[in-house]
């Protein structure tokens with residue numbers, strides 16, 4: 001799969017194209033992209049995705065935006081789909097002001113747009129002018145086919161990024177995984193923390209997670225930790241460590257205890273995959289009470305993950 005930086009650097013002919021941020025690349029995203037890629041292969045045509053970074057809501061929204069995947073994670077997930085090209089388009093306010101007609105002209109000139117694939121709620125261009133109705137009305141004029149793919153749904157409705165965010169906000173890692181098609185994960189370099197876990201003989205790896213990522217609800221989770229290609233059962237705490245509150249505004253931490261690991265993880269990159277929430281975060285009267293609870297968390301984690309590989 002070719003990676004192209006900016007649509008201005010693209011030079012495709014007769015492309016089958018999908019446009020969007022595809023944050024998290026969940027099951028619904030993959031459903032659409034795989035249908036497009038298959039149709040392109042059958043037609044002997046190139047398939048391409050035009051994806052944006054930063055996310056438009058991070059640029060135009062009034063509230064802070066949190067991602068379900070880093071940019072590199074998104075691109076790696078796109079690599080798993082048989083696409084010919086991924087075009088990474090920088091998104092800023094100037095790009096957001098481009099009229100839909102100008103954007104269509106660019107798609108035609110740089111990609112030789114053959115067909116545009118999207119969901120029923122899709123739109124692009126200034127003030128979202130290029131909605132599905134607009135695209136259908138201009139398809140003959142611009143010489144492309146428009147394929148509107150119904151969204152993939154489960155018993156609760158269409159699969160969407162907002163549903164995944166809601167599940168993570170509730171600490172429901174099981175539901176988030178069902179919507180994503182894989183476990184939700186956070187990655188980061190292991191950095192030095194306060195060292196309290198080691199003093200309690202339960203050392204933890206403190207992850208320096210990209211601050212713009214979605215962090216699941218505070219609590220303790222059964223997780224898998226991935227280090228240098230190996231997977232380790234782990235119990236991971238997400239939160240502000242209320243037992244050791246010192247009156248200052250606490251930072252959210254992600255700390256993983258690897259059950260069957262003996263070694264130095266500092267400065268290593270660790271990925272933590274969330275399997276199930278064990279309990280909410282709570283304040284304990286002292287470190288001994290916390291240590292006893294952590295021991296119970298570890299044993300519960302071992303029971304949950306003992307059948308998994």
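No lab work stands behind these numbers, since they all come straight from the coordinates. What you see is a predicted model, and the numbers here were worked out from it, not measured in a lab.
Here are the numbers for the structure shown:
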item	result
Antiparallel DSSP beta bridges within the chain, percent to nearest 5	60 percent
Rounded if a/c under 1.5, otherwise prolate or oblate - the range 1-131, Cα gyration tensor axes	oblate
Gyration tensor verdict on the range 73-157 (Cα atoms; rounded if a/c is under 1.5, prolate if a/b is larger than b/c, oblate otherwise)	rounded
Reduced Cα scattering model of the chain, Debye log10 I(q)/I(0), q = 0.11, 0.16 Å⁻¹	-0.75, -1.24
In degrees, nearest ten, helix 100-111 long axis to first principal axis of the chain (Cα)	90 degrees
Principal axis dimensions, largest first and in whole angstrom, of the range 173-305 by Cα	39, 32, 31
